[in-house]
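Below: the structure, in C-alpha cells.
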Amino acid sequence: MRFNERKALIIHTLKKQSILSFPELELLLGVSPTTIRRDLTALEKEGILSRFHGGIKKNNGIIEQSMNKKQSLNIDAKKKIGKIAASLIHPNELIFIGSGSTTYYMINYIKDTSITVITNGIPHAEALNAKNIRTFLLCGFLKEKTRSVVGKETNKLIESYHFDQVFSSANGMNADFDILSTDEYEHNIKKSAISRGKVSYIMIDSSKFNKTAMYTLPRNEDTYIITESLTEELKKIKKVITPSEKDTKKK
C-alpha cells in the first residue's frame, strides 16, 4: 500500500471515528511502526490530524498556516484589531506581544516609544526595532513555519517577567470562548504570558470562532477579547472589545 492509499484510508477512517489509537493504525494499515510514524508526521504537517501520546485525532477546523500565509488573510479585520490593541498601551509599560499575524499588524499602530516589549515573534522584533522601540526577542527553538521561538527555555524567560499588558493572538476559540492552540509549544507560550500579565488581550478575528483544537486555555477574569465585530454570541459574555465597544472598556 502506497502513501497516498494509506493517507486516504486514514482520512476515511477518521471521518467515522475521530480518534485512532496506534495499535488500531497498525491493524488498519498493515505496515511497520516506522512507516506509520512517518505518515503521521506528513499528515500532521498538512493539518489533517493531530498526534497525541498513543494515537491521533482528527482536526476540526484549525490548521496551522505559515506566517506569510496568515499575513494575507482577513487583513482589514486584523488591522482594526491591531489599531484597538495599540491604543490600549500606556507610556513606560512592559508589554508582551506574542507571535502571530494579528499581533504583527498591531505594531504599525504603536506610537509610544517609551515602552519595552518582550516578544517571541521574529518579524515582530524586527518591526519593533525599526520603530526604535526597546525590544527583547526571547530565545528558544526556532519554529520556522510561524517565525517564532518556543520551548521550555522560552517559557522560563517569560515567567521571569511581570507584564503590564499581554497581547496574544490565537488559532481559534471554541464555543465557550476558550483560547485554542494547534500545538503544545504555542499553548504553553500563551499560558505563561497570560499568567504573568496584569491584564491580557486575545486578539482574534471573527473567522476563528467556534473552532476546536487539541489544546485549550480558559480565559481568566483579567483576559479580554479584541475582535473586529460584535456577534450575537459575543454579546452574551463580558470583556469583549470591538471598534464600537472600545470606549466602554474599564480603565
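The values are calculated or read from the model by the stated rules, or taken from the named source; none is laboratory data. Not measured: the values here are computed from a predicted model. Using ideal geometry, Cβ is built from the backbone for each residue, glycine included, and neighbour counts are taken over all protein chains shown.
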Query raised in the report: Does residue 168 fit the bill of being in the same structural domain as residue 96 (by TED's automatic domain parsing) and within 12 Å of the chain's Cα centre (by Cα)?
Result: yes
Requested in this report: Return the residue satisfying two criteria in turn: it lies in the stretch 67-90 and is part of a helix (DSSP H, G or I) and β-branched (Val, Ile, Thr), and of such residues it is modelled with the lowest pLDDT.
Outcome: 75
Report summary line: Restricting attention to the stretch 1-19, the residues that are assigned to a helix (DSSP H, G or I) and in contact (Cβ under 8 Å) with a residue 12 or more places away in the chain number exactly 9
Report summary line: Condition set touching a helix residue (DSSP H, G or I) at 6+ places or on another chain (Cβ under 6 Å) and β-branched (Val, Ile, Thr), scope the stretch 82-97, selection farthest from residue 204 (Cα to Cα): answer is 97
Report task. Would you mind finding the one in 144, 64 that is buried (at least 18 other Cβ atoms within 10 Å of the Cβ) and modelled with pLDDT under 95? Result -> 64
Query raised in the report: When only residues in the stretch 120-162 that are of a type in the set (Gly, Ala, Ser) and part of a loop (DSSP other than H, G, I, E, B) count, which is nearest to residue 186 (Cα to Cα)?
Result: 151
Query raised in the report: Within the stretch 217-230, is even one residue touching a helix residue (DSSP H, G or I) at 6+ places or on another chain (Cβ under 6 Å) and surrounded by fewer than 18 Cβ atoms within 10 Å (Cβ to Cβ)?
Result: yes
Query raised in the report: Quick one: is residue 209 of a type in the set (Phe, Trp, Tyr) and within 25 Å of residue 74 (Cα to Cα)?
Result: yes
Report summary line: Of (1) in a helix (DSSP H, G or I); (2) without any contact (Cβ under 8 Å) to a residue 24 or more places away in the chain; (3) of a type in the set (Val, Ile, Thr), residue 117 fails just (1)
Query raised in the report: Going through the stretch 163-215 one residue at a time, which ones are of a type in the set (Phe, Trp, Tyr) and in a strand (DSSP E or B)?
Result: 163, 167, 201, 215
